[in-house]
Each structure stands twice: as structure tokens, then as C-alpha cells.
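Worksheet: the structure to be examined is printed underneath.
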Amino acid sequence: MNRFVRFVFLTLISCHFLLAQDAGLVSDSTRRQKVEEILRIQDGRVTNSERMVSLLSDSDARIRKQAVCSLGSIQDTSLIPLLVNRFTLDSDPQVRYNAAFAIGQTAERLSVSGRRKLESDLIWTRLNTVTADGNPQGEAARILEEIGKFGTSDGLRDILTRFGSSQPFRYQEAMAMSIARFAIRGITSVEAVDYLLNFVHPPDPIDWRVVFALQRIGDHPGIRSHLGRISALYKDQDPLVRMNLAVLFGKIRDEDICADILQRLAESDVDWRVRVNAFNALSLYDSLHQENIVETYRHAFSDGNVHVAESAIRSFGIAGFARDTLLPHRRRAVDTLESIALNKNNKYIWQLQAGAVSAIAHLYGEDAFPLLTSIVDPAPGIQVQIAEALGKTGSTQSLGYLMNLLKSKNVFLSTAALTGLLELSKKNPNDRDVVEKIYSAAISALEVLDIAVTTTAAGILGDSLFLRESSVDPLLVLLRRLRIPDDVEAIQAVMQALGAIKSTHAVDEIRRFLSVRDHSVQLAAFSALATITGESHSLPEVSSLEPIYTDYDFEYYWGLPETVLVNLETSRGTLALNLYKEFAPFTVMSFLKLAIQRKFYTGLTFHRVVPNFVVQGGDPRGDGWGGPGYSIRSEFSPLTYETGVIGMASAGMDTEGSQFFITHSPQPHLDGRYSIFGKLVGGLDALNGILRGDTIKEIKIVDHSK
């Protein structure tokens, strides 16, 4: 049947089953059977429409709630009418709330006209049904926020028309987040800015989401015209307000007002996360006008909080403070930075030294080559940083040094050398000898049996400087060698390179990837073919892709306690975690089996730490390229990325493995894109103390009987 008839059919059936709601109690065994069926459907991404209709209209509200939430992961657009039905008519508010979430997750896959029709129906018709309860945290608020994920500019206008001028303001938090989500997608308006500014009245308290929305909009005339009022928010008691204010002022780059506020925040804010954001923002300003803050930077290089010191060092290098002996303050700061980079007496921890190495490359340019290559007995992490930094210097002397590193049996150094060579080529695009040698090195690197090396090499060959027909055959040879799921990122990089080269010779080989069981690879193939041929190719719905790996161990799942508490012992202390069995069952099972049964995580490092963003670990390689040897499905839920939330790293939808991250602060742009499977409930100081290279000692389930 065609899609329209199917819409009507599903909706009619749904209405029929609606009469059966709340028919009474159900046994635990019946409920478990239905939950397992929902989870199989969700993990399989193969929806049986009639059966799903039945589950969505089950008499048990818990089943309806779980079924609706599962559609946020399945993302089958043909089931949107059922979700709208649940959002409007279900008797349970949590079911309606979950339906709102699933609509937002799925509707972005609709055409522009489809999205416009849906947003108009939701705003002007469906919201009339659910706004009567007036709950600012309920399903009406949720759908307003979700529309921001897929809505059009007309949808933003409609939301502001309906709710933007009501007094008192309704759904303020949801409206702010909706505007922010529109802005993340590049959609904003004068009216949206005006709405947000209604809530900026220092010293009155302000919800941090309003400032988050303003910083996602960024440099806008309406914001610039009220900088004096907005700048007073640097005194707000909520650090989330101040850290988002710092990001906003980094985007506006006003030398008269913003730079002064950023300096104050960088120097003396009581929350290290605010100081990190302030230094990051200062790096975006014209360094010629920042002489008065050089001492602020220099003092921060030795700050007691390593995250602040690391951010100040990186920021100073990016800001481009020239090496100038005529300016004493600048000379002292650069001398301190050089001392950290050389680290002759091992006075500084390697994380700071690595940052200084990169900063020196930015500051000194070609003159950095002798200094960087004179570092004595650098630690492994510093060797990698030197290799990448040498390319940034632009010195052609770096070519031979990096070519020698390529011969190393240490794939970390080989990958870093390739990254450095790419940077070097960008600094010397007209030097044919440099370009030719780097091209040959990238071609040779395709033969290395390592995902990081081959992915980086393919990325070089896809760069505009190296696009050649002669790369096609070596890339195709590599492509035939790669396997899903272990080599997904390499496959994506090869597809991107082949698409950029636009060789019709590669079309048949690329086309076969349209039918593989990995959606991220399908998308890469689809994009490459569209670029090469200019034609549109059919792409299967995510719901038609069977999983490569499954683990339907429901005996293990039901054997877990209702509240799964875990202690993650690190070299910095213990992180107490509450894992969300209900919202991410397969992720939680995979994590626990790796941690408890296989002791997989014991001894692994936190290989990535981005101050005031995330700490990330769980990679057996230690460089961000490793995994457990299988991939699991993404599991999305209405949960949001607050401070201390645990999510799964991925290379695209349904490519999660063993790597996980924990947030330093709220990160709303990650919502609905990365699986959330738990939250920190103890050990915040330990989390904030974790540095790159720190280790995981043990992970164990807390014994509830004690």
C-alpha cells in the first residue's frame, strides 16, 4: 500500500486499540514478554506495523511508554502518525511526553514539506489538546523543544507567534531550548532574539538555557545592541549562565565590552569551567589588542587547576601572540611557554607540556622546528604532539623528520606523522616537491594494516590538494579489505575521498555499500555516489537494517537490580554511577558484561579529556580508534546531557562499541545524538580531576545487600 494509505490504516487501527487502554493490571511475566518484544523490534530496526500498533495501544501504560520511546531510536517516518496519535490522545502523560521526544527524533528525516506540515499541525492543532494542564515540564513543553530539532523557519515563526508574547510567559525553558535547537541548525530570527532578551534583567536571576540559546545564535545585531545589559550576567550566581556568557562573548568579539568581561572571568571566576570557557573565548580575539591580558595568561599557565592551565596554554597559542622581545609582558609569557614545552627538569606534567608544544608551533612558525626537535627524551604523548605540531610550523625541514616517523612500528607515531604531513602541505600548497612526497607517503600508508593509519591516509587523499585519479585504485583495494563494524571510520573516509575525486571508475564498488547493514556506511556511499554522478539514489530506511550483532540475553537483563549502581575506580578516585537499565538496556548490558565478565576496562586510559566538555575512555588501543570487536545499536531517550551524564561515543548512528564519555557540564547539542546510559551520582571531584592518560582500575556493581 502507498504511504498515505498506510498512514490512514495505522491511525485507524491505533484508534481502535485506544479503547483498550487502562483495562487493568497485567502480570509481570506478560509485561516482561512484551518488553522483550519491544526491545527486539527496537534493536532489529524492523518494525511490524500491526504489532507495533498493538504495543503502542497496549492497556499497560508502561508498555506504551516503552514502545513509544523505542520509536525514537528506530526513527521510521511511516510511524509518525502513530506518535502524533499517542502525543494527542494517550491517557498517560509520560506516554505523551515520550511520544513528543520520538517525534522530534524522527521528523528530521522528513522532506521539507513534510516537516512543515507536521510542525503546523503540532503547533496550531495538537497543542490545543495538551496545553490545558499548564505543566511547564510536561508534554507540551517537550514538543515545543523537539520541534526545534526538525522545524523550518516558518515553524520558528509560528512558535513565537503563539507563545512568544503571552504574559506571563509560558514554557520559558522549553521555548529557550527550542530556539537554541533551531539555532544549532542555522535557523534564527530577530523575533527569537527579542524573545530571549525579555528574560535578561540583571541582577534578577536568569535561566541558563536562555543564555545557551543566545550563544547558539551568536553574533547577531539584536544581541550586539544589548551588550551592556547582557554583560552584567558575568555576576550571575549560576556558573552555567557565566560559562555560556563566555561562549557568547567569544563569538561576538567586541573589544570594548566583551574582552574586558572575558578577562575578569578568566582571572577570577570561582568555577574552573567558566575560566576554561573564558580562555577559549579569548583565543578568538585579535591578539594585537590583548596586551593588557598577557599577564592573565602567564599566571594561568601555572594555575592550580590543570584544566584551566591547559586551556590557557592552548588559547595563548591560537590567539597568536607574536614572539616580540620589545614587549616585556609578552616576552615573559612566551619564555614561560617555551620552558613548559622543553620541560628540561620535568617540572611540568606531560599534559601541559603537550599543550605548550602545540602553542609554540603556532607562535614561532618555522622557527619552532629547532626547538621542538631539541626536546630530550619526550614521553610517548609528547612525541605524538611534536609530530602533529611540526606540520603546523610550516617548516619544510619537518618533511624529512615526519617521513622518518612514518617508518616507526608505533602506529600512534605513524598516524601523528601523517596528520603532521597534512598540516605541512596546507602551509606549503605551492611547493610541488613537498606535495608530491606527502602524496606518495599517503598512498603507501594505505597498505598499513591499521585503521588509524589508513583512515588518516584516506583523509589526506580526499583533501583538495591531493585529488587525483591515480588514487582511485589504491583506495578501492583498501575498501575491499575493510570490514564492518571494525573499520567503519576507514570506510567512511575512503568513500569521502572517492566522492571528492569524482571518479566514475569507483561507482560500481561504492554502489554495493548501499545494501550493507550499517546505516552510517550507507550514508557515506549515498553521499559519494551523489557527488560523483549527480544522481539521486534510493537509500533504505534505518528500519530495514537488521543488526550485525545482537545479544538478547534477557535472563541477564531481568537479573539486574532495578537500580544499577556501579563504582568506577580510577587513578583519581571513585566515580559512583547510576546506570539507566530502562532507557538503554542493550548499552547497559554490553557495558556491564565488558566491565564485569571480561574485565575489559581494567587498566584502560581516559584517552581524551576536553576541559569543560567530556572525559572519554574505554578504548583498548588508547588513541580513540579501538573497540570491543562489535558494534551495538544507538539507544536514544528523552534523557538529556546534564553535568555528569554518561554517554556512548560513536562514529555515527548504531556504531557504538566500548568507548564512553562523561560530561563536565550540560551539553544539549549531544541530546538525541549519543546514547545516554547513566549518570554520576557521586565522585564529582574525582571526575573533574581526571586528566588525559589517567587509568580505569576496576568497575564493579555495588552490592545492595550490604
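May I ask you to work out the translational diffusion coefficient for segment 554-701 at 25 °C, viscosity 0.890 mPa s, via Stokes-Einstein with Rh from the Kirkwood sum over Cα pairs, reported in whole µm²/s? Can you show the working numbers first?
Values: Rh = 14.9 Å.
D, rounded to a whole number, is 164 µm²/s.
Please report Rg (one decimal) and Dmax (integer) in Å for the Cα set of segment 50-99.
That works out to 9.4, 25 Å for Rg and Dmax.
How much length is gained on full extension from L449 to H226, taking 0.36 nm per residue of separation minus their Cα-Cα distance? Working shown, then result.
Numbers: separation 223, 0.36 × 223 = 80.28 nm, distance 5.63 nm.
Between L449 and H226, full extension yields an extra 74.7 nm.
Can you figure out the FRET efficiency of S470 with R512, using R₀ = 25 Å and their beta-carbon distance, to the nearest 0.05?
On the way: r = 23 Å, r/R0 = 0.91.
Result of the calculation: an efficiency of 0.65.
How long is the chain along each principal axis, judged by its Cα atoms, biggest number first, in Å?
81, 63, 61
Per DSSP H run of at least 4 residues, take -39500 (n - 2.57); add these up for the chain, divide by its residues and hand me the 222 nm value, nearest 500 deg cm²/dmol.
Values: 35 runs with 378 residues, N = 706.
Theoretical 222 nm ellipticity from helices: -16000 deg cm²/dmol.
How are the Cα pair distances of segment 60-192 distributed, in percent, across 10 Å bins from 0?
For segment 60-192, the binned pair fractions read 13, 48, 33, 6, 0 percent.
Can you give me the distance in nm between label points at A61 and D553, each placed 7 Å from the Cα along the Cα-to-Cβ direction?
The two pseudo-label positions are separated by 3.4 nm.
If I take R0 = 56 Å and measure r between the Cβ atoms of R673 and N404 in this structure, what FRET efficiency does the formula 1/(1 + (r/R0)^6) give, to the nearest 0.05?
Values: r = 40 Å, r/R0 = 0.72.
That pair, R673 with N404, gives E of 0.90.
Of H201, H329, how do they rank once you tally other Cβ atoms within 10 Å and put the fewest first?
Numbers: H201 11, H329 16.
So the ranking, lowest neighbour count to highest, is H201, H329.
Based on the Cβ-Cβ distance from T602 to E108, what FRET efficiency comes out when R0 is 30 Å, to the nearest 0.05? Don't jump to the answer; show the numbers that get you there.
Numbers: r = 39 Å, r/R0 = 1.31.
It comes to 0.15.
Specify the angular offset, from 0 to 90 degrees and rounded to the nearest 10, of the alpha carbon long axis of helix 380-393 from the longest principal axis of the alpha carbons in the chain.
Compared with the principal axis, the helix lies near 80 degrees.
Which net charge results when you count Lys and Arg as +1 and Asp and Glu as -1 among the other residues whose beta-carbon is under 10 Å from that of F586? Walk me through the numbers on the way to the answer.
Numbers: positive: R633; negative: D43, D551, D553, E635, E656.
Result for the local shell: -4.
What would the Debye formula give as log10 I(q)/I(0) at q = 0.15, 0.20, 0.23 Å⁻¹ for the alpha-carbon point model of segment 77-118, no solvent?
Ignoring solvent entirely, the Cα scatterers give -0.33, -0.56, -0.70.
Evaluate the distance, in nm, between pseudo-label points positioned 7 Å from the Cα of S27 and of E546 along their respective Cα→Cβ axes.
The modelled label-to-label distance comes out at 3.2 nm.
Non-local amide H neighbours of V564 (under 5 Å, H modeled in plane, Pro and chain starts lacking H): which ones?
Residues meeting the criterion, in which the H sits 1.01 Å from N, are L579, K581.
Given H placed 1.01 Å from N in the peptide plane, which residues other than close sequence neighbours of Y641 have an amide H under 5 Å from its amide H?
Amide H neighbours of Y641: Q667, D671.
Can you check what the Kirkwood hydrodynamic radius comes to for segment 220-337, Cα pairs only, in Å to one decimal?
Details: mean 1/r = 0.0703 Å⁻¹.
Computed over segment 220-337, the radius equals 14.2 Å.
Between D238 and T125, with labels modelled 7 Å along Cα→Cβ, what's the label distance in nm to one decimal, could you check?
Each label point lies 7 Å from its Cα, and together they span 3.6 nm.
Could you list, bin by bin from short to long, the percent of Cα-Cα pairs of segment 133-278 in 10 Å steps?
Per 10 Å bin, starting at zero, the Cα-Cα P(r) for segment 133-278 comes out as 12, 42, 32, 12, 1 percent.
Can you find, among H362, G320, A107, the residue sitting farthest towards the positive end of the charge dipole of the chain, where Lys and Arg contribute +1 and Asp and Glu -1 at Cβ?
A107
If a paramagnetic tag sat 7 Å from the Cα of Q167 along the Cα-Cβ line, which residues of segment 181-211 would have the backbone N under 18 Å from that point?
Taking a point 7 Å out along Cα→Cβ of Q167, the residues of segment 181-211 whose backbone N falls under 18 Å are 194-201.
At q = 0.19, 0.21, 0.22, 0.24 Å⁻¹, work out log10 I(q)/I(0) for segment 453-543 with the Debye formula, treating every Cα as an identical point scatterer and leaving solvent out; two decimals please.
Calculated log10 I(q)/I(0) at the listed q: -0.78, -0.96, -1.05, -1.24.
Give me, ordered by chain and number, the residues 5 or more places off V681 or on other chains with an amide H under 5 Å from its own placed amide H.
A576, L577, N578
For segment 340-445, with equal point scatterers placed on the C-alpha atoms only and solvent neglected, what are the log10 I(q)/I(0) values from the Debye formula at q = 0.24 1/Å, to two decimals?
-1.28
Exposure proxy check: R468, R330, R224, R608 ranked by fewest other beta carbons within 10 Å?
Numbers: R468 11, R330 21, R224 14, R608 17.
Going from sparsest to densest Cβ surroundings: R468, R224, R608, R330.
Relative to the present Cα-Cα distance, how much length would full extension add between D154 and D335 at 0.36 nm per residue of separation? Walk me through the intermediate numbers first.
Working: separation 181, 0.36 × 181 = 65.16 nm, distance 5.47 nm.
That works out to 59.7 nm of additional length.
For a test of the definition: using alpha carbon positions, the gyration tensor, and the 1.5 limit on a/c, classify segment 42-133 as rounded, prolate or oblate. All intermediate terms of the calculation are to be shown ahead of the outcome.
Details: a/c = 2.08, a/b = 1.11, b/c = 1.88.
Oblate, since a/c reaches 1.5 and b/c is not below a/b.
Every number in this text was worked out from the coordinates using simple rules, so none of it is lab data. None of the values given here were measured: they were computed from a predicted structure. With ideal geometry, Cβ positions are generated from the backbone for all residues, glycine too; neighbour counts draw on all protein chains shown.
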